[in-house]
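Nothing in this text is a laboratory measurement; each read-out follows from the coordinates by a stated rule. Not measured: the values here are computed from a predicted model. When we count neighbours, we look across all protein chains shown, and the Cβ atoms used for this are built from the backbone with ideal geometry, even at glycine.
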There are 2 protein chains.
Amino acid sequence: MSVQERRERDRAHRHQLIVATARELAETQGWEAVTTRRLAERIEYSQPVLYSHFSGKREIVGAVALEGATELAAALTHAVADVPRGPAAVAALARAYVDFAERNPALYDALFLLDTGLLFADAASPAPLRDAFQALLDPLADVLGEDADPDRFAEVFWSALHGLVALTRSGRLPREAADRRLDLLVARFAGG
Amino acid sequence: MSVQERRERDRAHRHQLIVATARELAETQGWEAVTTRRLAERIEYSQPVLYSHFSGKREIVGAVALEGATELAAALTHAVADVPRGPAAVAALARAYVDFAERNPALYDALFLLDTGLLFADAASPAPLRDAFQALLDPLADVLGEDADPDRFAEVFWSALHGLVALTRSGRLPREAADRRLDLLVARFAGG
DNA sequence: TCGCCTGCCTAGCGACGCTAGTCTCGTGCC
DNA sequence: GGCACGAGACTAGCGTCGCTAGGCAGGCGA
């Protein structure tokens, strides 16, 4: 029994090692450097071991994405904690979102760009994803018009933020006026 | 001299054949099916021929993207042609943008998702890209507040549209309420 | 007519994600 | 204590990718 338990502990430990290694590799050298061969080498096991933990590379990226979702949720929540509800909170929220993407490009890509097979926007979605969306939705409650559907409002606001991030990160929008663009967006959604 | 000219004509013709074939392959089977081997087979030349026309696969995708930009510009311009300037034109513009993405996913991805190395938002940008942005910017002129910088306004509006398209296409936003989201976005940017 | 040069092809390099098949070693039973 | 078994890891390799080296042929100018 104890042997069994030790094995399960070891497996769980190695599972986490794989995710952490993938994340670190992605953060330092980009996702294109995260290959199953390199990953195997880093964790000092052979490639097939990866497949005893995950169904494929996609699922490993998905696991990193979930870590990212947890941290994004925390960052958003923390950003609005000391800010009065209303437009100021929305501004802080938007700033925190963009900063998160800027500071954690690998996590951001895993979450919102790469193919992970994760289920979004569903009751059966992983908790970190739902938490992150909730953290985004919450501060918006105070600025929507009387007509608005909160979920839809948050989705559109999120889309706009994601568009800014994605287009900027891929070089399609110049980094230069990023702040002004963000201010403009916030003004449109939170008034004044 | 005439021989020389015929050769250049042939080369130009083959150049276009490569782009058209890549585009068709991407439209029918997705970009992951566009490989240099398949492309070479389809145009009935060997792989190295591709590299005498383009520096690499990236540049081929870029050529398709430019076709996409031209057609997107035309679609946007056409969409607002018979619509009175103002909020109605912005609504038509947004609808046309989203419809274009929906109907031409391969072109859209080449333009705004894949790595093409194209230079955006610069005086030296390819004309089709500048035209497309202009087509987007133009109808917005009538709805921006007195304070607003037209370029920045258009960039943010574009970002929001792109965010909606990207997140929906990747399954991160449910298709279900897409229309309502688009309406909400237009309302925020063009007023009532 | 000869030699060169352009333009194409065959073949192959290193890397990718993933898997089949083998072997070793710890475990539980006689 | 010796042995059969099975879990779990490994080596090796499959098919595919983007890209390129090197050689061959056919048309051009001298």
Using 0.36 nm times the number of residues separating A:H13 and A:V83, minus their current alpha carbon distance, what extension gain do you get? 21.3 nm
Using only alpha carbons, build the gyration tensor for the protein assembly as shown and give me the equivalent ellipsoid semi-axes, biggest first, whole Å. 36, 34, 16
Residue-averaged 222 nm ellipticity for chain A, from DSSP H runs of 4+ at -39500 (n - 2.57), nearest 500: -23500 deg cm²/dmol
The answer for the longest stretch of chain B without any exposed GluC sites (Glu not before Pro) (DSSP loop, at most 10 further Cβ atoms within 10 Å) is B:45-145
Partner chain Cβ atoms within 10 Å, averaged over the residues of B:121-128 - can you pull that number for me? 1
Alpha carbons only, please: Rg and Dmax for segment B:1-54, in angstrom. 12.4, 42
What does the C-alpha gyration tensor say about the overall shape of chain B? Classify as rounded when a/c is under 1.5, otherwise prolate if a/b is larger than b/c, or oblate. prolate
Report Rg/Rh for segment A:139-192, rounded to two decimals, where Rg is the Cα radius of gyration and Rh the Kirkwood radius. 1.03
Enter the mean number of other protein chain beta carbons within 10 Å of the beta carbon of each residue in A:103-114, as an integer. 1
Across A:161-171, the residue-averaged tally of Cβ atoms belonging to other chains within 10 Å stands at 6
Taking a label point 7 Å from Cα toward Cβ, how far is A:H78 from its twins in the other copies, in nm, shortest first? 5.1
Taking B:R103 in one copy and the same position in all the others, each labelled 7 Å out along Cα→Cβ, what are the pairwise distances from the first, in nm, shortest first? 4.4
Ascending list, in nanometres, of distances separating the B:D10 label from those of the other copies (7 Å, Cα toward Cβ): 6.7
Whats the longest run of chain B with zero trypsin sites (Lys or Arg not before Pro) that are DSSP loop and have at most 15 other Cβ atoms within 10 Å? B:86-174
Separation between Cα centres of segment A:1-52 and segment B:63-83, rounded to whole Å: 47
